[in-house]
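Below is one structure, written out as structure tokens; comments come after it.
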Amino acid sequence: MSNNLSLAITEFGGPEVLNPVNRSIPSPSEEQVLIQVKAAGVNPIDAKTRAGLGWAAAHNKDKLPWIPGYDVSGIVVANGTNESKFDVGDRVAGMIGFPTDGGGYSQYVVADAGRLSTVPPSVPMVDAAAVPLAGLTAWQALEHAKLARDERILILAGAGGVGHLAVQLAVRTGAQVYATASPDNHAFLHQLDATPIDYHQIHWATSNGEFDVLIDLVGGDTGIEALACLKTGGRVVTVPTNTQDTITSAAAERGLKAISMLVEPNTWQTQRLLDMLDQGELKVDIAAVYPLEQGTQAHKALESGHTRGKRVLEMPSS
Ligand SMILES: NC(=O)c1ccc[n+]([C@@H]2O[C@H](COP(=O)([O-])OP(=O)(O)OC[C@H]3O[C@@H](n4cnc5c(N)ncnc54)[C@H](OP(=O)(O)O)[C@@H]3O)[C@@H](O)[C@H]2O)c1
């Protein structure tokens with residue numbers, strides 16, 4: 001059957017290289033389920049890989065076409081022969097095909113059942129698709145930082161996809177949470193109980209080392225300069241992979257503890273994040289929802305670098 005609309009790239013390049021393709025619906029292997037995808041989250045790694053940057057692009061360069069998408073939510077429509085975790089009709093979400101395969105920008109995908117969590121009935125599929133990769137990154141960054149109650153934490157890019165979830169999780173630990181953002185996002189950060197800082201106005205060199213923890217979601221020169229905000233012995237977790245080595249070296253020269261991380265799929269943490277959405281303990285801000293066919297516009301908007309919250313693709317119903 002060939003009625004599985006997907007967005008694929010056949011060459012690396014700008015957002016316009018994302019094009020619709022019709023593929024056959026895959027069959028789940030023994031431990032997998034077939035998901036009718038309702039929504040797919042859009043993440044910076046999708047756009048970087050599409051542009052030919054990073055290790056996922058290096059891995060896929062001789063295997064194009066490649067279908068982006070690591071975050072999906074949807075309905076189980078078939079089980080593999082050894083799969084009993086989910087029933088047909090169950091609502092599921094999770095990170096799939098990470099770190100190299102992706103595949104989520106599709107009407108149907110197969111995924112290991114062990115990588116999926118249950119979407120509570122109250123949680124919209126768009127929200128469920130927005131949370132896994134960004135939410136797990138936020139959770140695991142704070143774990144790496146060993147953030148403790150009453151510590152002062154600064155989160156760079158606090159209004160973005162990972163940032164706004166990291167802010168909320170940090171607030172829940174009882175830490176004093178500060179976050180950088182443009183002035184347009186300051187009211188948003190106040191609503192999340194963080195103190196906003198306008199990064200256009202910061203002079204890091206004169207910063208007086210008042211923070212225990214820095215979560216760097218920007219990298220590059222900004223990540224290096226922001227190290228000045230840390231106290232002696234402070235900890236930085238640097239998340240953008242392309243500049244992790246330079247930032248950890250710069251931190252080590254200053255006697256700071258530096259951790260670079262790659263998010264790991266974690267079904268228990270994903271379930272907890274979805275349950276927190278259900279309980280109103282966590283909110284995911286949806287900047288925009290696009291029909292699958294408008295993936296190009298979603299990538300263009302993401303690459304503007306000023307997304308608040310998350311962008312999500314919605315699948316056409318079959
Ligand atoms: N290592 C991993 O496992 C991993 C996992 C997830 C993400 N990442 C990486 O982490 C980074 C953040 O991901 P994301 O999904 O949160 O990205 P995102 O949603 O695209 O981030 C957008 C935010 O970045 C802010 N921003 C842009 N330039 C800034 C600057 N100079 N200083 C402070 N804020 C700035 C914008 O703030 P304003 O609009 O307020 O200006 C906007 O809210 C990306 O590089 C991504 O690839 C890595």
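The values are calculated or read from the model by the stated rules, or taken from the named source; none is laboratory data. Just so we're clear, the structure is a prediction, and the values are computed from it rather than from any experiment. For neighbour counting, all protein chains shown are included, and Cβ atoms are generated from backbone atoms with ideal geometry for every residue, glycine included.
Couple of notes before you dig in:
- Pair list, Cβ < 9 Å and 6+ apart or interchain, from the range 219-235 residues that are in contact (Cβ under 8 Å) with a residue 40 or more places away in the chain to residues that are hydroxyl-bearing (Ser, Thr, Tyr) and in a helix (DSSP H, G or I): 223/243; 223/246
- Odd one out for residue 207 among (1) exposed (fewer than 14 other Cβ atoms within 10 Å of the Cβ); (2) at pLDDT below 95: (1)
- Members of the range 181-199 that are within 9 Å of the ligand (Cβ to nearest atom) and hydroxyl-bearing (Ser, Thr, Tyr): 182, 199
- Residue selected from the range 262-318 under the condition under 25 Å from residue 22 (Cα atoms) and in a loop (DSSP other than H, G, I, E, B), by the criterion farthest from the ligand (Cβ to nearest atom): 318
- Residues in the range 234-253 that are away from the ligand (no atom under 14 Å from the Cβ) and either crowded, with 22+ Cβ neighbours inside 10 Å or modelled with pLDDT under 95 (or both) were compared, and the one that is nearest to residue 143 (Cα to Cα) is 235.
- Selected residue (criterion: nearest to residue 115 (Cα to Cα)) from residues of the range 274-284 that are of a type outside the set (Gly, Ala, Ser) and surrounded by fewer than 19 Cβ atoms within 10 Å (Cβ to Cβ): 275
- Applying the criterion of being touching a residue at least 24 places away in the same chain (Cβ under 8 Å) and among the hydroxyl-bearing types (Ser, Thr, Tyr) to the residues of the range 79-103, the residue that is nearest to residue 43 (Cα to Cα) is 100.
- Criterion (closer than 22 Å to residue 201 by Cβ and part of a strand (DSSP E or B)) met by exactly one of 215, 224: 215
- Screening residue 108 on (1) crowded, with 20+ Cβ neighbours inside 10 Å; (2) touching a helix residue (DSSP H, G or I) at 6+ places or on another chain (Cβ under 9 Å) shows it passes everything except condition (2).
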